[in-house]
Each structure stands twice: as C-alpha cells, then as structure tokens.
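Comments concern the structure below.
What follows is calculated from the coordinates using simple rules that are stated; it is not laboratory data. As the structure is a prediction and not an experimental result, all values here were calculated from the model. Because the Cβ atoms are built from the backbone with ideal geometry, glycine has one as well, and the counts that use them run over all protein chains shown.
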Amino acid sequence: MSIRLLAVIGAVSTGLVFGGLALAATPPKLAGSVGPGFTIGLKDAKGQKVKTLKPGKYSLTIKDQASIHDWTLTGPGYSNKHLTTIPFTGTKSNIAVTVKAGKYKYFCSLHGFSGTFTVK
C-alpha cells in the first residue's frame with residue numbers, strides 16, 4: 001500500500017477529511033461582558049475568568065449591559081479596537097478574534113475599568 005493512500009485513510013479515519021476536503025476546526029468560544037455597573041469580564045467556554053490563552057482564533061460573544069460603557073480590546077494586533085460602542089446595549093455574537101503572544105487588555109474606554117490576559 002502506498003504512503004499516500006495510508007495518509008488518506010488515516011485522515012478519513014480521524015475525521016479530518018470529508019469528501020476530499022479538510023474540515024476546519026471550530027474556534028474556541030469566549031464570553032465578554034460589560035455592565036450593568038462598572039464591571040467588565042472575559043470568560044472561557046467553561047465560565048472561568050480568562051487569564052491566559054494560546055495563540056490563535058477565537059469566537060467572542062459580548063454581552064453589553066450598559067449604554068454608558070463599551071468593550072474595547074488592545075494588545076498585539078489590536079489598538080483600542082471597540083468591539084461594542086457607547087450607547088449600544090445588547091449582545092454581539094461570533095466576533096472573530098485572533099490573538100498572538102503578548103499581553104492584552106479589555107476595558108471601557110470612557111471609564112477605564114479593565115481586565116487583562118496573556119497569550120503564550
């Protein structure tokens with residue numbers, strides 16, 4: 001049996017190939033929040049506060065509960081990126097975020113309260 005055929009059989013058996021096309025992995029989910037008071041947060045899919053992440057792509061949903069706040073991200077690749085804005089309230093889903101090694105800060109740009117995480 002050729003090496004190429006063995007590679008295809010291995011990919012099919014692990015679910016990496018479907019109909020000759022490679023399937024993309026679903027990005028891990030993150031949940032951001034701001035308000036209703038002077039609070040801001042970022043949690044992983046298990047509901048734990050994010051302190052560190054691995055480099056890569058994530059799907060972020062932000063629940064903005066205060067018209068006087070926004071949810072802004074800064075760090076490698078992001079310079080004060082407003083992911084929600086004042087006076088928006090509501091939920092923004094499936095925001096594609098790609099992070100690379102370094103320190104990140106999420107904050108309300110009007111009031112300055114914040115949180116941080118590191119990508120390594």
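Given 49/103; 63/120; 92/120; 43/63; 54/105; 46/103, which pairs have Cα atoms separated by over 20 Å?
Exceeds cut-off: 63/120; 92/120; 46/103.
With only alpha-carbon pairs counted, each pair once and no self-pairs, how large is the Kirkwood hydrodynamic radius of the stretch 26-119 in angstroms? Working shown, then result.
Working: mean 1/r = 0.0771 Å⁻¹.
For the stretch 26-119, inverting the mean 1/r across all distinct Cα pairs yields 13.0 Å.
Which FRET efficiency value, to the nearest 0.05, do you get for residue 114 and residue 52 by plugging their Cβ-Cβ distance into 1/(1 + (r/R0)^6) with R0 = 25 Å?
After rounding to 0.05, the efficiency reads 0.90.
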